[in-house]
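The values are calculated or read from the model by the stated rules, or taken from the named source; none is laboratory data. What you see is a predicted model, and the numbers here were worked out from it, not measured in a lab. All Cβ positions, glycine included, derive from the backbone under ideal geometry; neighbour counts span all protein chains shown. All accessible areas refer to the heavy atoms of the entire protein, side chains included, with ligands and DNA or RNA removed. Shrake-Rupley method; radii C 1.70, N 1.55, O 1.52, S 1.80 Å.
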Amino acid sequence: MMEYHLNKKKVVYHAEGSKTSGGERILLHEAIDLTNGKPWGKKGYVVHQLFRETSFEKFEGETKQLLLSLWGKSGLSIPNDIQLDHYHTIAFNKTLHLSAVDKTKLLSVSDFPIPISEIENRISEICETSLVAKNPFDKQSVFHFRVVRPNSNDNNPLHRDVWLEDYANCINLYIPVAGSNELSSLTIIPGSHHWPESKIERTQGGAIIEGTKFNVPAVTRISEEYEIVRPNPQRNGVLVFSPYLIHGGAVNLNHNQTRISIELRLWKKS
Ligand SMILES: [Fe+2]
């Protein structure tokens, strides 16, 4: 069981199955740490402006068109005047939501709303090193929309990405698209990328919580003082964070807004 506080509310989840806790290894210290030497290296994340305003409006418009077309392919019936953050009114049950999610994940960066090089250049500037949106382990160049309905358990549990194979050495992006605010945006435990595994108990494999199966293992206990923050990047903002940080568990506490964000990872150019 994991219990933590978000926006002064208690959040609890029960993850099924066997649990494990690693030893004194610090996974980050065996990897390429793209936060190293940055003013934000100690906490492991930073919020920056993404583009100049003109470019962002284009990005916003293209993103909406892409989402509507993908939702259409999943069979959702979409009113002409739909606002993206009212998604939960059309995907009003788990089945509809899961078929939509299936269309909005693992998208090729060639379908990204603007040329991916614009993002690569901007994030390379922020990380002070040349980065590409291509995973050197599986050669995939993909991005995902993360969609969390209000009053739902659509959000994944607290985890490190690097507990999954093939996410070592990268840097993560969270780009808010709709309904992302102080009650819904991604949560992070600052500094946890430098913790040894021994401080965390987690599920052995992908978590199962209230019947929902997640790819990522879930944190089930933390034996360390910690705080959970919502850095909450604004419109035309980007949250850049280490995949070694504990993050997720970002319950959407809004009453009538779906939270939509883009998730994208970049690696050092070889
Ligand atoms: Fe993650």
* Somewhere in the range 126-141, is a residue hydroxyl-bearing (Ser, Thr, Tyr), more than 17 Å from ILE262 (Cβ to Cβ) and surrounded by fewer than 20 Cβ atoms within 10 Å (Cβ to Cβ)? -> yes
* Residues being open to solvent by 30 Å² or more (accessible area, probe 1.4 Å) and either in a loop (DSSP other than H, G, I, E, B) or closer than 14 Å to PHE241 by Cα (or both): count how many of those fall in the range 142-163. => 3
* Would you point out which residue out of GLY206, GLY191, GLY249 is free of Cβ contacts under 8 Å to residues at least 40 places away in the same chain and more than 20 Å from PHE143 (Cβ to Cβ)? => GLY206
* Structure fact -> By residue number, the members of the range 187-208 that are hydroxyl-bearing (Ser, Thr, Tyr), open to solvent by less than 20 Å² (accessible area, probe 1.4 Å) and not in a strand (DSSP E or B) are THR187, SER192
* Structure fact -> Among the residues of the range 209-246, the number that are outside any loop (DSSP other than H, G, I, E, B), touching a residue at least 60 places away in the same chain (Cβ under 8 Å), more than 14 Å from the ligand (Cβ to nearest atom) and under 15 Å from the mean Cα position of the chain (by Cα) is 2
* From the list LYS73, LYS64, LYS19, LYS38, pick out the single residue that is open to solvent by 80 Å² or more (accessible area, probe 1.4 Å) and modelled with pLDDT of 95 or more. => LYS73
* Asked: If ASP166 passes every condition in (1) within 15 Å of the ligand (Cβ to nearest atom); (2) crowded, with 20+ Cβ neighbours inside 10 Å; (3) of a type outside the set (Gly, Ala, Ser) but one, which one does it miss?
  -> (2)
* Asked: Restricting the first residue to the range 15-44 and requiring it to be in contact (Cβ under 8 Å) with a residue 60 or more places away in the chain, which pairs with a second residue that is part of a loop (DSSP other than H, G, I, E, B) and surrounded by fewer than 12 Cβ atoms within 10 Å (Cβ to Cβ) meet a Cβ separation below 6 Å and a spacing of at least six or different chains?
  -> SER18/GLN204; THR20/GLN204
* Structure fact -> Conditions (1) modelled with pLDDT of 95 or more; (2) part of a loop (DSSP other than H, G, I, E, B); (3) among the hydrophobic types (A, V, I, L, M, F, W, C) -> PHE51 fails only (1)
